[in-house]
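Written out below as structure tokens is the structure these notes cover.
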Amino acid sequence: MQTIKNIQKCINENIAVMVYFSAPTCKICHALKPKLLQALDANFKEFKIQSVDISLTEEIAPYFGVYAIPSVLVFLDSKEFLRKSRHMSVDEVIREIKRPYEIMTS
């Protein structure tokens, strides 16, 4: 089961982490997630993904200040770098993290 402690540990131990917040009733969440994961895998080999189903672990979303789904939080070097909620495109997310990620991993 996903916990705040496990997510924080992942963020602290990895150079690049994306936390993806969704719910089973969110059609946009389910359409966006596979496309986003595929784009991350194709562009950023060191990204770790944490998926949070807010219907199962209700305390995690407020802990991270997430109140809308889908939401994506990107952490680079243990610091929150990007936060997107509801209206986002895969290209937009990739474009915003590409340069900082490349600088960190070069």
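The values are calculated or read from the model by the stated rules, or taken from the named source; none is laboratory data. Note that this is a predicted model, so its numbers are computed, not measured. Cβ: placed from backbone, ideal geometry, glycine included. Neighbour counts: every protein chain shown. We work out accessible area using only protein heavy atoms, side chains counted, and drop any ligands, DNA or RNA first. Shrake-Rupley method; radii C 1.70, N 1.55, O 1.52, S 1.80 Å.
Remarks
- Residue check, Ala16 surrounded by 13 or more Cβ atoms within 10 Å (Cβ to Cβ) and under 12 Å from the mean Cα position of the chain (by Cα): yes
- A search for C-beta distances below 6 Å between a residue of the stretch 1-15 that is over 13 Å from Glu46 (Cβ atoms) and β-branched (Val, Ile, Thr) and any residue that is assigned to a helix (DSSP H, G or I) and open to solvent by 50 Å² or more (accessible area, probe 1.4 Å), counting only pairs 6+ apart in sequence or on different chains, returns Ile4/Tyr63.
- Matching entry among Val66, Val72 (being of a type outside the set (Phe, Trp, Tyr), closer than 22 Å to Arg99 by Cα and touching a residue at least 12 places away in the same chain (Cβ under 8 Å)): Val72
- For beta carbons closer than 7 Å, sequence separation of 6+ or different chains, a first residue in the stretch 79-106 that is in contact (Cβ under 8 Å) with a residue 40 or more places away in the chain and a second that is aromatic (Phe, Trp, Tyr), the qualifying pairs are Ile97/Phe81; Tyr101/Phe44.
- Flag if Pro34 is open to solvent by 50 Å² or more (accessible area, probe 1.4 Å), over 23 Å from Glu102 (Cα atoms) and not acidic (Asp, Glu): no
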